[in-house]
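Let me begin by presenting the structure, written as structure tokens, before commenting on it.
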Amino acid sequence: MSGNFFDGVDTENVSTEYESGGGDFPLIPHGTRVIACIDRIEWGTKKNFKVNVDEDCILLRFDIEQGEYKNLKILKNLFVKSNDQSERSKSLNLLLAIDKNAGGKILQLKRAPDDDDLSKYLIGKSMVIIVGVIKDKETGKERNYLAGVSANKESKSQEKRTETYKNGLREPGQDDDSGLDIPF
């Protein structure tokens, strides 16, 4: 890389206007269930419109893994420290359901997770998310949101098979009547 940070960009004709395009993602129908995984999660501060103040929250982003909506992102802010008890309770319950689907490690901490905990235990874990549609009160534009989560049954059955093999009950690829010597 050369010494000029702006190499490769027309710096002679810089404009005061720029539009990147994009942002016109297809709207996923309300109630659609898709397999997704968390690809970004961290603490941040966002405006909680229910109480009309900025609050600390967990910023969460799911990446849809397959199907017609593959690679679309679904965002959610979890206001787990909100002063509004109803909002806090809903956010904590959603975090616990996400954690349960990811193996339950966050609950075992018995403390507020930090960014490292969130990344270590939740990023890359597949689960079924339920997508909702909400209409922006100001613009009237519809957008998607995370309406809920549930277990990825395919992943759960794989975990059961893996656990069975780990416990020495069967080796992978081995049938139930695999010719093991039985001493009677």
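The values are calculated or read from the model by the stated rules, or taken from the named source; none is laboratory data. Not measured: the values here are computed from a predicted model. A quick note on method: Cβ atoms are made from the backbone with ideal geometry, for glycine too, and the neighbour counts reach across all protein chains shown. These area figures cover heavy atoms from the full protein model, side chains too; ligands, DNA and RNA do not enter into them. Shrake-Rupley method; radii C 1.70, N 1.55, O 1.52, S 1.80 Å.
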- Select from region 120-131 the residues that are assigned to a strand (DSSP E or B) and more than 15 Å from residue 97 (Cβ to Cβ) and write down the one among them that is most open to solvent (accessible area, probe 1.4 Å). 123
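Filter region 55-79 down to the residues that are in a loop (DSSP other than H, G, I, E, B) and acidic (Asp, Glu), then identify the one that is least open to solvent (accessible area, probe 1.4 Å). Working first, answer last.
Here is the first cut: in region 55-79, the residues in a loop (DSSP other than H, G, I, E, B) are 65-72, 79.
Checking which are acidic (Asp, Glu) leaves us with 65, 68.
Numbers: 65: 58, 68: 155 Å².
The extreme case among them is 65.
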- Task: Output yes when any residue across region 104-111 is open to solvent by 70 Å² or more (accessible area, probe 1.4 Å), of a type outside the set (Gly, Ala, Ser) and part of a loop (DSSP other than H, G, I, E, B), and no when none is.
- Result: yes
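Restricted to region 27-54, and to residues that are without any contact (Cβ under 8 Å) to a residue 60 or more places away in the chain and in contact with a Cys (Cβ under 8 Å, 6 or more places away or on another chain), which residue is surrounded by the most Cβ atoms within 10 Å (Cβ to Cβ)? Before you say what the answer is, go through the steps one by one.
The initial filter retains those residues of region 27-54 that are without any contact (Cβ under 8 Å) to a residue 60 or more places away in the chain, namely 44-54.
Now restrict to residues that are in contact with a Cys (Cβ under 8 Å, 6 or more places away or on another chain): 44-46, 48.
Values: 44: 11, 45: 11, 46: 14, 48: 20.
Checking each candidate, the answer is 48.
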